[in-house]
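Right, one structure below, let's go through it.
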Amino acid sequence: MARTTIVVALVVTAVIGTGAALLVARAQTPTAAPPSSAPLNTTAVVKVDLSDTQSFAGTLGFGGAQPVKGAGTGLLTKLPKPGDTTERGTSLYWVNDRPVPVFFGDTPLFRKLEKPENVGRDVAVVADNLVELGYAIGTRASTPEKTAYTEALGAAVKLWQRDTGLEQTGTLDVGQVLVLPGPARVNSVKAQPGDEVAGELMSVTSTAKVVTVPVAATEVSKLKVGAAVTVVRPDAKEVPGTITAVSTTAVDQQNGQSQQGTPKVDVTVTPADAAAVADLDAASVQVKVTTETHAGVLAVPVGALVALREGGYALQLPGGELKAVQTGMFAKELVEVKGAGVEAGLKVVTTS
C-alpha cells in the first residue's frame with residue numbers, strides 16, 4: 001500500500017510539472033497581430049431614370065370573336081371553314097348559290113339602295129368600298145351622313161356587279177353584301193348549308209394576332225392606350241408591343257357575370273412585329289408594362305442602405321460617417337435616395 005501511494009504522488013507531481021511547463025511556454029509565445037480589416041465595397045451615387053415594371057399574364061391569339069349574322073332572304077349554299085380569311089370584295093358565304101361579298105365599314109345595309117333620295121352612312125360605306133376597289137363613283141358629299149346614291153354611284157355598282165359575277169342591277173338590297181369592321185378570320189361556323197341566311201352564321205376575329213390581358217379593375221388605370229409594352233413569348237424571347245385597346249366592361253373571369261367576384265378588364269396588346277409571333281397561333285405569354293417612371297433621380301444599390309436604430313435609413317461613407325436619406329422607388333436592384341449632402345458621384349459603402 002505505501003509503495004502505491006508513492007507512485008501516485010510521483011505521477012501527480014509529473015503532471016503538474018508538465019502543465020506548468022506548458023503554461024510557461026505559452027506565456028513566452030509572441031502574440032500574433034490581429035488580421036487587417038477586409039477592404040470595403042464601395043459604390044457611387046448615380047443619377048438615373050427608374051421605372052416600375054409589372055408583369056401581367058396574357059394570351060396570344062386572334063382576339064375576341066364577334067358573331068356574324070346574315071340578313072335578307074334565301075338559303076345558305078356555301079359556308080367557310082374555321083381559319084378562312086376574307087378581304088374587301090371577297091366572300092365568306094353564298095346565298096341561293098350567289099356570293100355575298102364583304103365590304104368594310106361601320107354601317108350595314110339596312111335598306112335597298114336604288115335612287116338619289118337614298119342618303120346616309122350606308123351609302124357612304126358602298127361608295128368608300130367601290131373607291132378602294134378601283135371604281136369611279138363621280139362626285140360625292142364630304143360627310144358620310146350626306147352621301148347620296150347618285151347615278152354615277154349606281155353605274156359603278158353595276159360595273160362592280162358584272163366583275164363580281166352578280167346580277168347587274170345597279171342596286172343593292174339588304175343582305176347582298178356583308179359589312180365587317182375590317183379583314184376577318186373565321187373563328188367558328190354555326191350555320192349549315194340549307195339554313196335560312198337570316199340568323200347567326202359564324203364568329204370571326206381579326207386577322208392580326210393580339211395579346212388579351214385580363215387586368216384587375218383596380219389596376220387597369222395604370223394601362224393606357226398607346227403605351228409601349230414588352231410581350232415575353234413562352235421561349236423567353238421579347239417582342240415590343242403597344243396597348244391598342246382597354247375594355248370599359250369589368251367582368252368576373254370565373255363565371256363571366258359582369259361586376260361579380262373579382263372583376264377584370266380586358267386589355268388588348270398588339271405586337272409591333274407580326275412576324276415575331278407568326279409561328280404561334282395561340283400561347284400563354286407575359287406582358288411587361290412600365291407603370292411608373294421617376295426621371296433623373298439619385299440612386300444606389302439596395303445593399304448600400306443602412307437601417308437606423310431610430311428608424312429610417314442612411315448611407316455610410318468610407319470613413320464611417322452616416323448620412324440619413326429618404327428612400328423612393330425601388331427598381332432593378334436600385335433604390336431612389338435623397339438627403340442632405342447626397343449627390344451624384346458620392347462614394348458610399350455597399351454590401352454588393
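Buried (at least 18 other Cβ atoms within 10 Å of the Cβ), part of a strand (DSSP E or B) and either without any contact (Cβ under 8 Å) to a residue 40 or more places away in the chain or polar (S, T, N, Q) (or both), is that true of ALA314?
In short, yes.
Each row is one residue, and each column tells you yes or no for (1) assigned to a loop (DSSP other than H, G, I, E, B); (2) touching a residue at least 12 places away in the same chain (Cβ under 8 Å); (3) closer than 30 Å to ALA57 by Cα; (4) among the hydroxyl-bearing types (Ser, Thr, Tyr).
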position: GLN168; (1), (2), (3), (4): yes, no, no, no
position: GLN176; (1), (2), (3), (4): yes, yes, no, no
position: VAL179; (1), (2), (3), (4): no, yes, no, no
position: ASN187; (1), (2), (3), (4): no, yes, yes, no
position: GLY194; (1), (2), (3), (4): yes, yes, no, no
position: VAL204; (1), (2), (3), (4): no, yes, yes, no
position: VAL215; (1), (2), (3), (4): no, yes, yes, no
*Among the residues of region 331-343 satisfying the criterion of being open to solvent by 60 Å² or more (accessible area, probe 1.4 Å) and modelled with pLDDT of 95 or more, which is nearest to PRO39 (Cα to Cα)?*
GLU343
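Conditions (1) open to solvent by 70 Å² or more (accessible area, probe 1.4 Å); (2) touching a residue at least 24 places away in the same chain (Cβ under 8 Å), marked per residue:
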site	(1), (2)
LYS264	no, yes
ASP273	yes, yes
GLN286	yes, yes
ALA299	no, yes
VAL302	no, yes
ARG309	yes, no
LEU322	yes, no
MET329	no, yes
*Go through THR268, THR327 for me and flag whichever is hydroxyl-bearing (Ser, Thr, Tyr), under 37 Å from the mean Cα position of the chain (by Cα) and more than 30 Å from PHE62 (Cβ to Cβ).*
THR327
*asked:* Which numbered condition in (1) open to solvent by less than 50 Å² (accessible area, probe 1.4 Å); (2) aliphatic (A, V, I, L, M); (3) out of contact with any strand residue (DSSP E or B) (no Cβ under 7 Å at 6 or more places or on another chain) is the only one that LEU159 fails?
replied: (1)
*Which condition does ALA216 not pass, out of (1) open to solvent by 50 Å² or more (accessible area, probe 1.4 Å); (2) over 30 Å from LYS78 (Cβ atoms); (3) touching a Ser or Thr at 6+ places or on another chain (Cβ under 9 Å); (4) among the hydrophobic types (A, V, I, L, M, F, W, C), if it passes all the others?*
(1)
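The values are calculated or read from the model by the stated rules, or taken from the named source; none is laboratory data. What you see is a predicted model; the values in this text were computed from it and never measured. Every residue, glycine among them, receives a Cβ derived from its backbone with ideal geometry; neighbour counts consider all protein chains shown. These area figures cover heavy atoms from the full protein model, side chains too; ligands, DNA and RNA do not enter into them. Shrake-Rupley method; radii C 1.70, N 1.55, O 1.52, S 1.80 Å.
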